[in-house]
Amino acid sequence: ADDQVRWKVQAVFNTNWPGLGNPIRLVEESLKEASGGEAQIKVYEPGKIVPSFQITEAVKNKQIPAGFAWLAYDQGKMPAAALFAAVPFGMDPMGYSAWWYEGGGHQLAEKLYAPHNIHPILCSITGAETAGWFRKEINTPEDLQGLKIRFAGIGGKVLQKLGASVTVIPGGEIFPALEKGAIDATEFATPAIDEMLGFDKVAKHNYFPGWHQPFTASHLVVNTDVWNGLSKQNQTLIETACTAATFRGLAYSESLQGEKLAGFGAKGVTPHRLSPALMEALENATNEVMQETSSTDPMFKEVYTSIQDFRQGYDQWKELGSL
Amino acid sequence: MNQLTTPAPVYADEAPSPDNFDMEQLIHHTELPHTRLSRSFDAVIGTISAIAHWSWPLLMLVIMINVVLRYAFGEGHIELEELQWHLYSIGWLVGLSFCYVLDDHVRVDLLHERLGLKTQAVIELLGILFLLLPFALVVLWYAIPFVQYSFEMSEISMAPGGLPYRWAIKAVLVLGFALLLLAMLSRLSRVCALLFGFPRTIRISEEKARGN
Amino acid sequence: MEINEILAITMFASFIVLLFTGFPVAWVLGGVALIFAIISMMADQMWDAWIGIDWEYVSITVPRIWNVMTNWVLVALPMFVFMGLMLDRSGIAEDLMTNLVRLFGRVRGGLAITVTFVGLLLAASTGIIGASVVLLALLGIPMMMRQGYSHELACGTVCSTGTLGILIPPSIMLVMMGDRLGVPVGDLFLGALFPGLLLAALYIGYIFAVGLLRPQAAPAPDDAEPVTPLLVAKVFVTVLPAAGLILAVLGSIFAGIATPTEASGVGAAGATLLAVIKKRVNLQVLYEVCRETTKTTAFIFALLLGATAFSLVLRGLGGDELIESALTGLPFSPTGIVICILLVTFVLGFFLDWIELTLIILPLVAPVVSGLGFDLVWFTILFAVCLQTSFLTPPVGFALFYMKGVAPEGITVGTIYRGVLPFIALQLVGLSIVFYWQQIVTWLPSMAYSN
Ligand code: NA
Ligand code: NA
C-alpha cells in the first residue's frame, strides 16, 4: 500500500544508552506493533549510514527520510538550535517539556527548521548530566585556569571564558586521553552512560550539579515533504510513539542513576558539589555567552527570550509548589 | 604502490646502496603515450600539488605549536586542533589527482602486469568510463550543493572558538574531485591516443623542440 | 533468499572479480557501489524489492567523505608516514646495520639476528614497509651471501623482519583500524607491542636453531673483531637517536603526555630534527619527503573514500546483517567462529593487502566478534598479525615483491618463496600463541589503566 512507512532512521547516540539513545528503539518497536506492521522504521547505530554531525542536513536533503538527532550539532549553522538540545543553567526535564509542548517551544523549533525542510518531534529527554569527571579536585574559579577539559557546545564556550583549555577530541579517544592525563577532565552524559564509557575507572572526582545540561533533549527529525505525505493516522502514530518513548526513556534513565552513584563509592569515586564560588562564576559566564550570542543572532535571541519568559512563571511555581 | 611485477634488474652498473637506490624502479606503470591535453592537465595538477605538498610540514608545525601551548602554557586552542584536519584534508584531497597522474593508486597487478599494453589500455578505458567517471561525477554533483548550503548558512565550527568559513574547507572536497576528474580526462586522452590514435600523441622530439 | 541479499553477495563478488582487472582498487570500490545502487533502484521499481536505495541515499557518500576530512584521529596517519620517510632519509638504518653487525658478528647466525634487530628498530621508528625491506635487502643480503648464508634464510629473514613495521607501533595500519572500529589507537599500540616482539623473538629463535642444526646455513665469520667496551659504546651511540625518537613517540603516548595524533606530529618533527642534525636534509629533500607523503596518504585515502561508498551501499542492501547471520549461523562455538574469520583473513591475505582488508572486511566482522563477547583490542591485534603475514604470502605479497626487485643475482623467485615459508609458519605459531594467551595483548593496556 502507498501508505506504508519504511524508513531508514539514523541515530545520533548508541541506542543502548538509557534515556539518550534507547527511546528511538522504543519508537521502532511500538510503531511496528501499534501499526500492525504498516509503519516500520529501521534504526541504525551512530555513524552507520550518516555521520552523527550530519543527520539533520541529510534529512533536509532527503538522503534519509528521518533521523534521530541532537540539534545542538547544528549550532555551527544555526546557533539557536542548541537551545532546543541543552541549555546551561536551563530548566529541568519537566520544565523543558512544559515549554516544548505548551510554552511555544515546538512552534519555535518548527519555525527554525521549516526553511530547511525539516519537521522536528521531541523524542528523548534525560535529566541532569554530571558536571564532569576530573582527575584533580577543583574548588575555585582559579582552578579552571589552564585545565585541559573535553567539553562540547555552549558549556564549552562558558568554560573557555573562565580560562579553561577546552578541547573537543572525539568520543572514542576521550577515555584514553583522560586515563593517560592528556586531558584533566571531561563531561559526557548521565552517570549510567558515563559508567558504560568507563570514566569512573580513570577520573576519581565526579562533579555535580550538571549546570551545563540540566536537561538533554533529542528529536526525531523528519523531512517535511515526507512528513506531509503521511496519512493523519501515521503522523499521529509517530508523534504518539515519540511522546511515549520520551517519557519512558526519561523514567528508565532516572531509575538507574541512584544505583550507579551508589556503586561509584566502591570504585573510589568521590562525588562533589561544585563550590558556590564556582557556580557563581559559571552562571555569570553563561549569562555573558547567552547575551553575546543573542546580540549576534536574532533567532537565538527569540528562542532564548521565549525560554526566559516562560521561566518567570515556571520557576516561581517550582519554588512555591515543590518541596 | 603496486605490488607485484617483474622489475627491471637494478644491478646493471654499480651495486645499489640505499643512497642511490630509486624505489620508483620497483613500481609497475602502464607506459601510455602523452597528448597535448594530458601534458597541460598534468601540469595544472602538478602545480597545485606542489603547493599542497607543503601542508605536511605545516601540519607538523601546527601540531607542535598546539602541543607546546597546551603542555607548557596550559592553553588550549581549538582553532589549532581544527587547523590540523583542515591541512591534512587539503593534502590528501589534492593528492588524489596527483597520485593518479603518477599512476600510483593501489592496483592488484597480479594479472595486469602480464597483459599487453593495448589490453591494459582497454581496461583503463572501461574502468574510467564505468567505474571512476560515474563515481567522481556523483561525488562532485552532490558536493556542490553541500558547499553551497554551508556558504548560505555562513556555517562556522560548532566547537567553542573553532574556525569560521566552513564552506571554504568543504570546497576543497570539490577542488579535490574536480582535479581528479581532470587527471582522469588526461589519462583518458592518453588511453585513446594509444587505442584510437586520437588525440594525437606528442612525440619526445616535439617536446624537446619546445624545450621540455 | 531475498533480492537484496542476492544483490549484496553479487556486489561483493563483482568487487573481487573486478579487482583482478588491475584497475585502481579505490575506483573499483566506488564504481561497484554506484553500479549496484542503480541495480537496486531498478529492483525496487520492477519487483517492489523495498530496498530503498535511491540517488539521495547514494549521495550520503558526500557527508561521509566530509566525515573523513574532519577526522582528527586519522591526522596521525600522514604524520607517521612523514616521520618514516624522513628517518629513511636520515640514514639511521645504515648506521644501525654497520654497527650492530660488529656486535653480533661472532654468533652463529649473527648476521641474520642483526638484520632482525635492525628490522625491529626500523619497525618501531620508520614503519615504512617498502623502505624497510629494500634497506634490509640492500644492506643485509650481500653481507649474508658473502659470509655463505643459505640464500633462503637470508631472504626469509629480510622479508619477515622488514614487515614488522606494520604491526609494531607506531603503525599506520593500527591508526586506521582504531579509527574504523572506534577503539582507542593508544590501546592498539600498547596491545600490538608484545605480539610484535614475540614474532621477532620467534624469528631469532628460528635463526639460532638453524645455526645450531645446520651450521653451514648460517655460519659464523672467521674474521669477526672482538666485542670491546669501545665497540659497545659505539653501537650504543648509533642506536641512540632512533631509540630516542621511539621513546619520544611511543613513550609520550604510553605515558599519557600526548594523544597519538599529537605524538605523530612530534615524531615527524623529531625525525626532521634528526635529519637536520645529521645534515641529511635540505629544501629539496624536504620537498621530496612531502611529495612521497602526499602520494602514500592519497592512495590510502582514495581507498578509504571508495570503501565508504562501497560500505554505504552494501549496508543499504543489508550486507551487514547478512554477514552477521552467516557468521553466527556457523556450526561452531564462538571461538570457532573467530578462528574461522582469521583463517579466511589469512587466505584473503594471499591476494589482498592490508588496506582493503582493514577497510572492507574488518568493519564487517569486528562487530560480530565483539557481539560474541570477545575483547575487541585482542581480536584487532590478531587480525593485524594476519595482515602482516599477508605481506609474505604469494602471489600478492608486498615484501616478496620488493625483495625480488632488489635481489642480487643468484636469488630467484623460488629462493624467496622457499625462504619465507618457514617464516609464514612462524607467523602462524605467533598467531596461535597470541590466540591462546590473550594477556600478551591485553596485559600492557590493562597495566596502563591501573595506575
Ligand atoms: Na611501526
Ligand atoms: Na599476500
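Side notes on the structure shown:
- Interface C-B: total buried accessible area of about 6900 Å², 1.4 Å probe, protein heavy atoms only.
- Estimated distance in nm for a label pair at B:S40 and A:M94, the labels positioned 7 Å out from Cα along Cα-to-Cβ: 7.5 nm
- Note on C:M447 and A:T240: with the Förster distance fixed at 45 Å, the Cβ-Cβ geometry gives a FRET efficiency of about 0.30.
- Ordering of C:247-255, C:5-13 by burial proxy (mean other Cβ atoms within 10 Å per residue, highest first): C:247-255, C:5-13
- Ranked packing of C:357-369, A:81-93, most packed first, by mean Cβ within 10 Å: A:81-93, C:357-369
- Projected label points at C:I38 and C:E409, each 7 Å from Cα along the beta carbon direction, are separated by 5.4 nanometres.
- Within the shell of other residues whose beta carbon sits under 12 angstrom from the beta carbon of C:G419, the net charge comes to +1, with Lys and Arg scored +1 and Asp and Glu -1.
- FRET efficiency for A:Q291 and A:K136, using Cβ-Cβ distance with R0 set to 41 Å, rounded to 0.05: 0.85
- Among the residues of region C:236-277, those with an accessible-area drop of 20 Å² or more from chain alone to full protein complex, heavy atoms and 1.4 Å probe, are C:G256, C:I257, C:T259, C:E262, C:G265, C:V266, C:A269.
- In chain C, helical runs assigned H by DSSP with n ≥ 4 each contribute -39500 (n - 2.57); averaged across all residues and rounded to the nearest 500, the mean residue ellipticity at 222 nm is -25000 deg cm²/dmol.
- The long axis of helix A:171-180 is offset from the longest Cα principal axis of chain A by roughly 10 degrees.
- P(r) of the protein assembly as shown over all Cα-Cα pairs, binned every 20 Å from zero, in whole percent: 13, 43, 33, 10, 1
- Apportionment of accessible area to carbon and sulfur, region C:340-393, percent (1.4 Å): 76 percent
- The charge dipole of region C:75-296, taken about its Cα centre with unit charges on the Cβ of Lys, Arg, Asp and Glu (plus for the first two, minus for the last two), comes to roughly 240 debye.
- Taking a ≥ b ≥ c as the square roots of the eigenvalues of the alpha-carbon gyration tensor, region C:392-451 is classed prolate because a/c is 1.5 or more and a/b outweighs b/c.
- With the cut-off at under 19 Å, measuring from each backbone N in region C:382-411 to a point 7 Å along the Cα-to-Cβ line of C:R214 picks out C:410-411.
- Highest to lowest packing among C:163-169, C:69-75, A:277-283, A:187-193, scored as the average C-beta count within 10 Å: C:163-169, A:187-193, C:69-75, A:277-283
- Residue by residue along A:49-56, Cβ atoms of other protein chains within 10 Å of the local Cβ number 5 on average.
- Separation of alpha-carbon centers, region C:261-291 and region B:140-188, rounded to whole Å: 30 Å
- With Cα atoms, 0 to 90° folded angle of helix C:334-348 axis to chain C main axis: 70 degrees
- Accessible carbon and sulfur surface of chain A relative to its total accessible area, %, 1.4 Å: 53 percent
- Charge dipole (debye, nearest 20) of the protein assembly as shown; +1 at Cβ of Lys and Arg, -1 at Cβ of Asp and Glu: 2080 debye
- Per-residue mean of foreign Cβ neighbours for B:71-81 is 5 (Cβ atoms of other chains, 10 Å radius).
- Nearest-ten-degree value, helix C:376-390 long axis tilted from longest Cα axis of chain C: 70 degrees
- Cross-linked pairs A:K32/A:K232; A:K48/A:K201; A:K180/C:K295; A:K62/B:K170; A:K148/A:K201: Cα-Cα separations exceed 22 Å for A:K48/A:K201; A:K180/C:K295.
- Using a 1.4 angstrom probe on protein heavy atoms only, the contact between C and A buries about 2300 square angstrom of accessible area, both sides summed.
- Spin-label zone in region C:281-315 - amide nitrogen under 14 Å from a point set 7 Å from the Cα of C:E2 along the C-beta vector: C:314-315
- Expected 222 nm ellipticity per residue - DSSP helices of 4 or more, -39500 (n - 2.57), all of chain A, to 500: -15000 deg cm²/dmol
- A:D309 versus A:A266: modelled label distance in nm, points set 7 Å from Cα along the beta carbon direction: 5.2 nm
- Computed extension length for A:E280-A:S255: 6.0 nm, one decimal, from 0.36 nm per residue of separation with the Cα-Cα distance subtracted.
- The listed residues B:H29, B:H86, B:H105, once ranked by accessible area (1.4 Å probe) with the largest placed first, stand as B:H29, B:H86, B:H105.
- Considering only the protein assembly as shown, percent of DSSP beta bridges that pair antiparallel, nearest 5: 50 percent
- Surface accessible to a 1.4 Å probe, per residue, for the residues of region C:166-321, Å²: 35 Å²
- Of interest is the spacing of the C-alpha centroids, which for region C:306-366 and region C:176-212 amounts to 22 Å.
- Residues losing 50 Å² or more accessible surface upon assembly, region B:123-164, compared with the chain by itself, 1.4 Å: B:L131, B:F135, B:V138, B:Y142, B:F146, B:Y149, B:M153, B:M158, B:P160
- Backbone N under 20 Å from the B:E79 label point (7 Å along Cα→Cβ), restricted to region A:151-190: A:151-169
- Helical contribution to [θ] at 222 nm, DSSP H n ≥ 4, -39,500 (n - 2.57), averaged over chain B, rounded to 500: -21000 deg cm²/dmol
- In order along region C:107-118, the phi-based Karplus estimate (6.51 cos²θ - 1.76 cosθ + 1.60, θ = phi - 60°) of 3J(HN,Hα) comes to 7, 5, x, x, 5, 5, 5, 4, 4, 4, 5, 4 Hz; Gly and Pro are listed as x.
- Förster-model FRET efficiency, 25 Å R0, A:Q107 and B:E152, C-beta, rounded to 0.05: 0.55
The values are calculated or read from the model by the stated rules, or taken from the named source; none is laboratory data. Given the structure is predicted, the values throughout are model-derived calculations rather than measurements. Every residue, glycine among them, receives a Cβ derived from its backbone with ideal geometry; neighbour counts consider all protein chains shown. We work out accessible area using only protein heavy atoms, side chains counted, and drop any ligands, DNA or RNA first. Shrake-Rupley method; radii C 1.70, N 1.55, O 1.52, S 1.80 Å.
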